[in-house]
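Okay, structure first, notes after.
The values are calculated or read from the model by the stated rules, or taken from the named source; none is laboratory data. Values in this document were obtained by computation on a predicted structure and should not be read as measured data. Neighbour counts run over all protein chains shown; Cβ positions are idealised from the backbone, glycine included.
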């Protein structure tokens, strides 16, 4: 039996790895990017803008009708207007053009606004302060109410991307001072993609309309993270500094549980950030090259 046809909206950091994994597993993949990419892929890579209904109309006539759509387009680090365009308008446009096609939406664990270090799961309150996270909650509702799935990804790191490794290597890392050591919730890029593949591969439909956290097994405090990194990398432990309460992604402190997703049979290849430091040879090497070339 032929595997389903998957349309991936967003061929960025996660989307490109997702497309690679799905193609390798035998799925019929078409990837979509907002701007043209001069790269070769074993699957079709086409240009379209999810925030434009006309653009998606043109896309619909140019691709095979998908059995499932993954929305993992990025807002380009923009603010509320960019988020609304990509996530709210984008989801509505997909639903208008590709009627009744299930959507898997990559959302974010930033929708949890807890600051007390508590464990949060999919039933926990979502009351984020930031407008961008509120927009993600609205997009999740649009998807799940139509029978799709929302995946709340923790902070994504991987080859060529980790703010914490980069700060350690370029000497700008600091540890927040005070009694509270804030928890860092993270997921390796490859594991984020594998979680989406897992959702697609499941034959059961009891996950439709649900939300899942995509996080590794061992959230770690900032202090533990930097102290253990220092030991592994042979670098001094960073100095302390006052917490930045106005940080771009908002000051939150919670432990994101991945138990619901794991009960469906998914497990991360990198159970913790520290585990990935020693088991993914690309991780530190690629970021060290970036720091050296900067």
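Which residue out of 200, 103 is buried (at least 19 other Cβ atoms within 10 Å of the Cβ), under 24 Å from residue 65 (Cα atoms) and modelled with pLDDT under 95?
The conditions single out 200.
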Exercise. Quick check, is residue 294 modelled with pLDDT of 95 or more, surrounded by fewer than 19 Cβ atoms within 10 Å (Cβ to Cβ) and more than 26 Å from residue 107 (Cα to Cα)?
Worked result: no
Just one listed residue, out of 116, 89, is part of a loop (DSSP other than H, G, I, E, B), more than 20 Å from residue 207 (Cβ to Cβ) and either touching a helix residue (DSSP H, G or I) at 6+ places or on another chain (Cβ under 7 Å) or touching a residue at least 24 places away in the same chain (Cβ under 8 Å) (or both), and it is 116
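Residues that are within 17 Å of the chain's Cα centre (by Cα) and over 20 Å from residue 287 (Cα atoms), at least 1 per element: which strands (runs of 3 or more DSSP E) completely within region 121-209 meet that?
Passing ranges, in order: 149-153.
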Residues of region 24-42 being surrounded by 12 or more Cβ atoms within 10 Å (Cβ to Cβ) and either modelled with pLDDT under 90 or closer than 14 Å to residue 198 by Cα (or both), in sequence order, are 25, 27, 37
Condition first: closer than 22 Å to residue 4 by Cβ, in contact (Cβ under 8 Å) with a residue 24 or more places away in the chain, in contact with a strand residue (DSSP E or B) (Cβ under 7 Å, 6 or more places away or on another chain) and surrounded by fewer than 22 Cβ atoms within 10 Å (Cβ to Cβ). Can you find one or more residues in region 133-145 that meet it? yes
Is there a residue being closer than 30 Å to residue 142 by Cβ, crowded, with 16+ Cβ neighbours inside 10 Å and modelled with pLDDT of 95 or more anywhere in region 218-226? yes
All conditions in (1) part of a loop (DSSP other than H, G, I, E, B); (2) in contact with a helix residue (DSSP H, G or I) (Cβ under 6 Å, 6 or more places away or on another chain) are true of residue 99 except (2)
